[in-house]
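Data block below; observations after.
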Amino acid sequence: MPARGAGGNINSTQETAEAMKLLVPVKRVVDYNVKVRVKADGTGVETANVKMSMNPFDEIAVEEAVRLKEKGAATEIIAVSAGPTACQEQIRTALAMGADRGILIEHDGILEPLAVAKLLKAVIAKESPDLVILGKQAIDDDMNATGQMLAALLGWPQGTYASKVEPADGGIKVTREVDGGLERLQLKLPAIVTTDLRLNEPRYASLPNIMKARKKPIETLKPADLGVDVSPRLTVLKVEEPPKRQAGKKVGSVQELVEKLRNEAKVI
Amino acid sequence: MAVLVLADHDGSAVTQPTRSAVAAASKLGDVTVLVLGPRAAAESATKVAGVAKVLHTEDALYTNGLAEPLAALLVSMASEYSHLLAPASAAGKNVMPRVAALLDVQVISDIAGVVDADTFVRPIYAGNALATVKSADPKKVITVRAASFDPAAAEGGSAAVEAAPKGEDPGLSSFLGAEIVKSERPELTAAKIVISGGRAMGSSENFHIIESVADKLGAAVGASRAAVDAGYAPNDHQVGQTGKIVAPELYIAVGISGAIQHLAGMKDSKVIVAINKDEEAPIFSVADYGLVGDLFKVMPEFEAELAKK
Ligand SMILES: Cc1cc2nc3c(=O)[nH]c(=O)nc-3n(C[C@H](O)[C@H](O)[C@H](O)COP(=O)(O)OP(=O)(O)OC[C@H]3O[C@@H](n4cnc5c(N)ncnc54)[C@H](O)[C@@H]3O)c2cc1C
Ligand SMILES: Nc1ncnc2c1ncn2[C@@H]1O[C@H](COP(=O)(O)O)[C@@H](O)[C@H]1O
């Protein structure tokens, strides 16, 4: 493995010299099954009494990290979440899936991808992971940005929208889902990867593993401990419901459908 | 101050989503388009309505769109522009956040509207809400949802081509190869008609039913996540929150239930047709024309009916 940037590693034995330390950022989001409602006052969406979960792409990221560890390609997995105290639940889920320890960066209020990337950069300076695996997109803000922003701040390569990740030639080989198909990149380490849906199918944590996860450590930090200014750069002026689509009519036959498309909608 | 648009192209012309990004950029200032690739693609950009200048290089460093050198190039050019935009394609979404972080600004992803030079509308929560956000950053880095902006006309402009600056190579990654499927069909995000198949197709062989109707209609082919996950259709066919966003004149959903993540990618289509054997399927709640029936019976009939004039 090539020499690394921030921090460096002090691995002595042959085995660990080849294996990576992994960091997996996990975000607490409104569960993907919830149909969100816009607040009447237009300031945001209703999140009180709504089911919260780990961002689905982050489950895929945790799963990939655990598989790398099971294959012997990784030594340790650290799950990190930034947000309110309740993010502990998502860190516990990651621990139950197989992560070794957690870090909560406690903050109430909006955290934009740039701020999250700065917080993660500060954690990375302390932990010196070889590989950070994030989700490609959080399903609440739909930003699709944090991984790329973190890679930029660290000056690391990025392999976004990964459908395959393989340690290879002292770095990693990433297959990416792109417009038109797939492409393969070789990245030097340390590196950033973001997950796409087809990378793997995340496991459910077993009950014994959920019990074991309760004993795994979670460290709590504040943005100020990391010296990071997390002030948002975007002000949300309003949040509205998109125009509602009306259900149309049922047609009785294929003939009627084609007739309507030709003569009523005039789209074919 | 001028605004910069990073173009996607197919080797000979800039893409329609790029022309949508030009349309969004035109509301912000004089548009310069950056084209990395063959001269023909740069020539096509000069003709796009509203483009004031085209910057072009064939430098092999950018041939494969690696994010690290591309972001370095854009950052080196950024001082001349108030806004840097790209279509919210896989390429644009990959590089623009990297550019933004290097400039210490928050990227504004996937905008669906321009209010003023600082204020933009963007969908959140799978398009279930629209947020109007005002950026306090001195420079804006933006990706543009093509389906929300009528593309600038491909003809009518007469911009000059100048050489793009030479950028650094951070040397962090290398391109190994790609499996890109070249299709004769129109591109999903540019097509006037899209027909998509879901899990109900059952196999990749059966998916040909969709393709053959697509060919009758001159349509692009899409798919639900379930159909892609099952291997019936390639990954880049996925329509939805985390796939492609489309808004064609006509969208036909075949054997697709209508999960919110799928609706997020197609509910702005002008006319929606749903074909599903379950009359309770949520897709019918957004469909202009719904046909309840077994697709394996309906689709051959549909194809035959289309053949009749
Ligand atoms: C993080 C995340 C991101 C996602 N992103 C996307 C995305 O971008 N795009 C997307 O599409 N999904 C996405 N999904 C998945 C989404 O939630 C649904 O699971 C998916 O859209 C379902 O696909 P489907 O409608 O093809 O399958 P199903 O929900 O299984 O529906 C199949 C439909 O076919 C009908 N049917 C069955 N047999 C027949 C027949 N013979 N004739 C006619 N009709 C028949 C059934 O009645 C049913 O309505 C995402 C999910 C998550 C968690
Ligand atoms: N507050 C957060 N805490 C931990 N990880 C986060 C947070 N926000 C974003 N991420 C990570 O960044 C990914 C992309 O998020 P986004 O850029 O917001 O779409 C997510 O899938 C997470 O892996």
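No lab work stands behind these numbers, since they all come straight from the coordinates. Just so it is clear, the structure is predicted and the values come from calculations on it, not from any experiment. Cβ coordinates were reconstructed from backbone atoms using ideal geometry, including for glycine residues, and neighbour counts include every protein chain displayed.
Some points to look at:
- Shape category assigned to the stretch B:188-307 from the gyration tensor of Cα positions, a/c cut at 1.5: rounded
- Average partner coverage of B:284-295, which counts Cβ from other chains inside 10 Å: 5
- Cα gyration tensor shape of the stretch A:104-194, rounded if a/c is under 1.5, else prolate or oblate by comparing a/b with b/c: oblate
- Under 5 Å from the amide H of A:Gly159 lie the amide H atoms of A:Ile192, A:Val193, A:Thr194, each residue being 5 or more positions distant or on a separate chain, with H modelled from the backbone and absent for Pro and chain starts.
- Helix B:67-77 axis, angle to chain B major axis (alpha carbon atoms, nearest 10°): 50 degrees
- Shielding of peptide B:22-32 by partners, expressed as the average count of other chain Cβ atoms within 10 Å per residue Cβ, is 0.
- Inter-centroid distance (Cα atoms) of the stretch B:11-59 relative to the stretch A:18-55, Å: 37 Å
- Database remark: amide H of B:Val5 closer than 5 angstrom to the amide H of B:Thr32, B:Val33, B:Leu34, B:Leu85 (H placed geometrically; neighbours at sequence offset of 5 or more, or on other chains; Pro and chain starts carry no H).
- Estimated vicinal HN-Hα couplings, Hz - the stretch A:34-43 in sequence order (Karplus 6.51, -1.76, 1.60; Gly, Pro = x): 7, 8, 6, 10, 6, 5, 4, 7, x, 9
- Cα pair distances in chain A, grouped into 5 Å bins until the bin that holds the longest one, percent each: 1, 5, 11, 16, 17, 14, 11, 8, 5, 4, 3, 3, 1, 1, 0, 0
- Among the GluC sites (Glu not before Pro) in the stretch B:243-309, those placed in a DSSP loop whose Cβ has at most 14 other Cβ atoms within 10 Å are B:Glu279, B:Glu280.
- Straight-distance candidates among the lysines for linking to B:Lys134, with alpha-carbon spacing under 17 Å and chain neighbours fewer than 8 residues away dropped: A:Lys238, B:Lys27.
- Averaged over peptide B:195-201, the number of partner chain Cβ atoms lying within 10 Å of each residue's Cβ comes to 0.
- Over the stretch B:2-163: Kirkwood hydrodynamic radius from C-alpha pairwise inverse distances, Å: 15.3 Å
- Förster radius 25 Å - calculated FRET efficiency between B:Ala178 and B:Ser76 (Cβ-Cβ, nearest 0.05): 0.40
- Whole-Å distance, taken between Cα centres, linking the stretch B:106-148 and the stretch A:214-268: 13 Å
- Couplings for the stretch A:154-159, taken from phi via the Karplus curve 6.51 cos²θ - 1.76 cosθ + 1.60 with θ = phi - 60°, read 8, x, 9, x, 10, x Hz in order; Gly and Pro are left as x.
- Highest average first, the peptides A:216-222, B:5-11 ordered by how many other beta carbon atoms sit within 10 Å of their residues are B:5-11, A:216-222.
- Averaging Cα coordinates gives a centre for the stretch B:242-309 and one for the stretch A:126-171; these two points are 36 Å apart.
- Between helix B:16-26 and chain B: long-axis angle, C-alpha atoms, 0 to 90°, nearest 10: 50 degrees
- Here the Karplus curve 6.51 cos²θ - 1.76 cosθ + 1.60, taken at θ = phi - 60°, turns the phi angles of the stretch A:91-96 into couplings of 5, 4, 4, 4, 5, 5 Hz, with x standing for Gly and Pro.
- Restricting the stretch A:42-95 to trypsin sites (Lys or Arg not before Pro) that sit in a DSSP loop and have at most 16 other Cβ atoms within 10 Å of their own Cβ leaves A:Lys51, A:Lys71.
- Distances between placed amide hydrogens fall under 5 Å for A:Val80 paired with A:Val24, A:Val26, A:Ile103, all partners being 5 or more residues away or on another chain.
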